[in-house]
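The next block holds one structure in the form of structure tokens; read it before the comments.
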Amino acid sequence: YCLFAEMAASMGPQSLDGSLYMNEVKWGDFQCGWEAMMHLEKESEQDIYNRILYRRAEVLGLSFTTSQPESYAIVRLACLCRVIEPSRGKKIEEAFAELKPEERQALTKYLRMDGLTSKPAFILCESSNFLENCLSNGEVGVLPALKILLKVYVAAEKEFRGSSRAVLTVRLNQLAVFAKDFGGSVTFQDLPFDMIRNKESEATCVPKMWIPVTNQAVLNELADKGKQLAKSLLNGNISDRQFKVAMQKAFPELSYFPVGAEVQRLQTYGAMLSALWLICGQYEAFIRQQVEEEQLSKQSWAWIQEWMKEGVKILNEEAVDATLTFMAIHALGKIPEFRDELAPGFDAQSHDVALSHILRNKPEVVPSFMRLPAKYRNLIIDSLSVDFQFSQFLQAENVPANLEMVKEQMAPHGDEGFAFFCFRIFVQMCGKLGSKSLVGSVFMTEPQFQRFRPGLDALQNLKTNEAGMAYNAFLLLQGSKALSRFASPEHQALARLLCLGSASDHASGDAVRKAFDDLLPADKASLTRWLIADGITNKPGYVLCSAPDLLRNAQANPAVGLTDALTMMVRVQERCDVANSMTLRPPSRKVYVHLNDLASWAQDAGAVMGEFKQARLEVRSEDLGDTRVFSVQVIRPKRSGAAKNQHGSGSGSCACAFLRCLVQLFILMAMLATGMFAAALHCFPEKIPRAAMVEIDKAGVSRHRLMYATAGVSCLMFLLLMLTCCRRRCGSSCEECGSVRSCCNCRSAGCFGCSGRAGTLACGYSRLEFDLI
């Protein structure tokens, strides 16, 4: 009775108006089990279990004989699938018969394990939901479900080999969810999974979304679907809804995104939909979600359409299919599980390079790519291998060496390769805000397009110009929008700073120029040399990651300002130069410098003037192949110490300095007096007054001992004088780093912890010790 009441109330959270669970069908199942349990005192456990199976076989019209193991397995599978109609029971029987003989034998063996005479027995929790979802999903079916079930049994047996437990549990809840949402562009039975052991007697089956495909027939089928979809785009006779349905069937990679990668999935959808609107010429669909004042103009749309027709020449099914494929797979490298399993050692920042590695070495897990012609496979791999971030290029975080790599990788593919590379970037940017809305391109507004177009022109100029020339032309074009004049010979560095500072008018450009002009001549020269190093003739070139955030935060913070930000960049440059000089390897073409921590400090620095520059910098280096990466870490000063130094640097410092001078004068005089006396005792004893010598003899002190004692005192005075001088040098305010210290106590970085340039040899070693190593 208690079991009946508990089962009847199992759906209580959904409704308390009666029992939603205990309908006629459920009552029949319960009655079958209850009647069987009534014989528990007279019959064995196996007999009771067989009673239940026999009763279910009668309902479904299936044969059941204990002497026929396969009939036992079929009826048990029907119970697991929760079928109640004879027609569905027949489907299970037919699917079981379609298995290979060795598969039927193995599955029968596992289904008959009872934990009594044959051990261990496996309880597959949620197996009913899994099989039920497979039956209801037309893209899966019964036969693939049985094959996966057999694989689960085999994997569980392997995982628990050597276990003494009679009954083991395997949870299939994640597999059940995957089976419910699976889209049938590849075969479900090829699904890989991991068997993860949770407890001594329990494991969980975790499916992997990526299914390797090597069957040529399946690849041909995917290729046909892709070409048909491309043909529909070229004909312009497909709606957004039809396109979404078709692309999910043509590109199985769209199901690879787990719950935690929803942003990447929507960005992928946004890019693919943007390709639809661009290729079909659907202007209204493209701009429908954009703010009216910022909508992409018809003139810009006309330029894009002309560029696609004359420059990109995306006019055939193969090119459209390759573009859609690229958009479908471009974000796979951002999925941590996918990257960690198939390309270990690559971090999130190298997601494009990680994906190119996977496409080279394990293309079967990306079937849409694998089915493409070799020409487009090589083009996609080369496009990813350059690891070119267009957004970084627009803000001049990149250097000419990045363009040089693009030119080298795309040159073998000719003009068509350059066009494909540029169009891929444009389409990807159009879908950048797909996570916000898939109704039109929210990102590619008129202001964004005007900002995008110079970079696009620079990329296309690579076909005929050298990388350095194309890069400088881009900087000059961008700088001309913000500069009222070219202020100095350092205009190339200034132009890059304008891009880093996102200056788009004369007001913002003049702010950057003024900060650059306010630098000390030596600092300006150092920063210029750093900014114009192109990685081609002047190696290395520095990719300044997060420099735009640093300048933006510094400008927005009244306690910092652009000049201090540039000064800190000079300090970073000095440390990078020292680190480069300490290695014996030849210089790389490009070096990545991550300034995100310094950018955060520019935002958080307090209202005390000069606090920003009091921070100590640590630069840590890491070599990734032929690329060096510097990570700048900021050791922030203590706020209370800074305030105290600020208040104490006025009248207190003058008094303290006067007392220090008196002490040093006294030590100097004592050193000279004792030294001269010791010298006189040694060299000119006859010139010492006789009265003094008499007093010395009366005291019973040996003249030699007295000489050595006074000489020792003189040496001690000399050492003490040197220590006070060094203490004074350390205690002074550091003009180069801007840190303010008390006159008697160095609170910012220790005795030799000058965070700016080193003035002494000791400080020089300090900089290496504290800020680099």
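Under a 1.4 Å probe, what is the accessible area of the range 385-472 per residue, stated in Å²? Spell out each step's value before the answer.
Values: 2890 Å² over 88 residues.
It amounts to 33 Å² per residue over the range 385-472.
Within 10 Å, count the other beta carbons around each residue, average over each peptide in 271-277, 595-601, 518-524, and list them highest first. All intermediate terms of the calculation are to be shown ahead of the outcome.
Values: 271-277: 25.6, 595-601: 21.4, 518-524: 14.9.
Descending packing order for the listed peptides: 271-277, 595-601, 518-524.
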Practice task
Just grab the label-to-label distance for Asn215 and Cys725, each label 7 Å out from Cα along the Cβ direction, in nm (one decimal).
Solution key: 8.6 nm
Practice task
Pull out the extension gain between Glu202 and Arg690, defined as 0.36 nm times the separation in residues minus the alpha carbon to alpha carbon distance; nm, one decimal.
Solution key: 165.4 nm
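For Ser136 and Gln305, what is the calculated FRET efficiency with R₀ set at 41 Å and r taken between the beta-carbons, to the nearest 0.05?
Working: r = 45 Å, r/R0 = 1.09.
So the FRET efficiency works out to roughly 0.35.
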Fill in the blank from the handout: Expressed in angstrom, Rg and Dmax over the Cα atoms of the range 75-125 are 12.2, 33
Handout entry: Cα-derived Rg to Rh of the range 442-598, Kirkwood definition
Key = 0.97
Exercise for the section: Subtract the Cα-Cα distance of Met582 and Asp510 from 0.36 nm times their separation in residues, and report this length gain in nm to one decimal. Expected result: 22.1 nm
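When the expected Rg is taken as 2.2 N^0.38 Å, what fraction or multiple of it is the alpha-carbon Rg of the range 123-231? Write down the numbers at each step before the final one.
Numbers: Rg = 16.0 Å, N = 109, 2.2 N^0.38 = 13.1 Å.
Against the compact-globule rule of thumb, the ratio is 1.22.
Which FRET efficiency, nearest 0.05, do Lys90 and Arg360 yield, Cβ-Cβ r, R0 56 Å?
Values: r = 48 Å, r/R0 = 0.85.
Taking R0 as 56 Å, the efficiency between Lys90 and Arg360 is 0.75.
On the accessible surface of the range 147-272, probed at 1.4 Å, how many percent belong to carbon and sulfur atoms? Please report the intermediate quantities before stating the final value.
Values: 2780 of 5890 Å².
C and S atoms contribute 47 percent here.
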Problem - Virtual spin-label span in nm between Leu668 and Lys638, 7 Å along Cα→Cβ - result: 3.5 nm
Fill in the blank from the handout: Sorted by chain and number, the residues with a modelled amide H under 5 Å from that of Phe193, at a separation of 5 or more or across chains, are Lys208
Practice task
Please list the non-local residues whose amide H lies under 5 Å from the amide H of Val543, H modeled 1.01 Å from N, same-chain partners needing a gap of 5 or more.
Solution key: Val591, Tyr592, Val593
Problem - Label-reachable residues, the range 137-154, where backbone N falls under 15 Å from a point 7 Å from Ser118's Cα toward its Cβ - result: 150, 153-154
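Please report, largest first and rounded to whole Å, the three semi-axes of the ellipsoid equivalent to the range 221-337, where each semi-axis is the square root of five times an eigenvalue of the C-alpha gyration tensor. Let's see the in-between values first.
Numbers: eigenvalues 117, 72, 32 Å².
Listed largest to smallest, the semi-axes of the range 221-337 are 24, 19, 13 Å.
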Problem - Histogram of C-alpha separations across the range 94-156, 5 Å bin width, % - result: 4, 17, 26, 25, 18, 8, 2, 1
Practice task
Could you tell me the distance between the Cα centroids of the range 557-632 and the range 107-140, to the nearest Å?
Solution key: 59 Å
Handout entry: Euclidean distance between Cα centres, the range 217-283 to the range 285-312, Å
Key = 21 Å
Practice task
For the range 318-375 and the range 413-473, write down the distance between their C-alpha centroids in whole Å.
Solution key: 21 Å
Fill in the blank from the handout: The summed charge of the Leu706 Cβ neighbourhood (under 14 Å; Lys/Arg +1, Asp/Glu -1) stands at +1
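Might you tell me the accessible area per residue for the range 49-115, computed with a 1.4 Å probe and given in Å²?
Details: 3470 Å² over 67 residues.
Counting only protein heavy atoms, the per-residue value for the range 49-115 is 52 Å².
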Exercise for the section: Please work out how much length the chain gains when fully extended from Lys109 to Lys463, using 0.36 nm per residue of separation minus the C-alpha to C-alpha distance, in nm with one decimal. Expected result: 120.9 nm
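Could you list the square roots of 5 times each eigenvalue of the Cα gyration tensor of the range 311-434, that is, the equivalent ellipsoid semi-axes, sorted largest first and rounded to whole Å? Don't skip to the answer; put the middle values down first.
Details: eigenvalues 84, 74, 40 Å².
They are 21, 19, 14 Å, listed from largest to smallest.
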Completion exercise
Per residue, the convex hull enclosing the Cα atoms of the range 43-197 spans a volume in Å³ of 111 Å³
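Under the Kirkwood approximation applied to all pairs of distinct alpha-carbon atoms, what is the hydrodynamic radius of the range 181-222 in Å? Walk me through the numbers before you get to the answer.
Details: mean 1/r = 0.0825 Å⁻¹.
Result for the range 181-222, one decimal place: 12.1 Å.
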Practice task
Describe numerically, in nm with one decimal, the distance between label points set 7 Å from Cα along Cα→Cβ at Lys227 and at Gln242.
Solution key: 2.0 nm
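The values are calculated or read from the model by the stated rules, or taken from the named source; none is laboratory data. Just so it is clear, the structure is predicted and the values come from calculations on it, not from any experiment. Note: ideal-geometry Cβ built from the backbone for every residue, glycine included; neighbour counts use all protein chains shown. We work out accessible area using only protein heavy atoms, side chains counted, and drop any ligands, DNA or RNA first. Shrake-Rupley method; radii C 1.70, N 1.55, O 1.52, S 1.80 Å.
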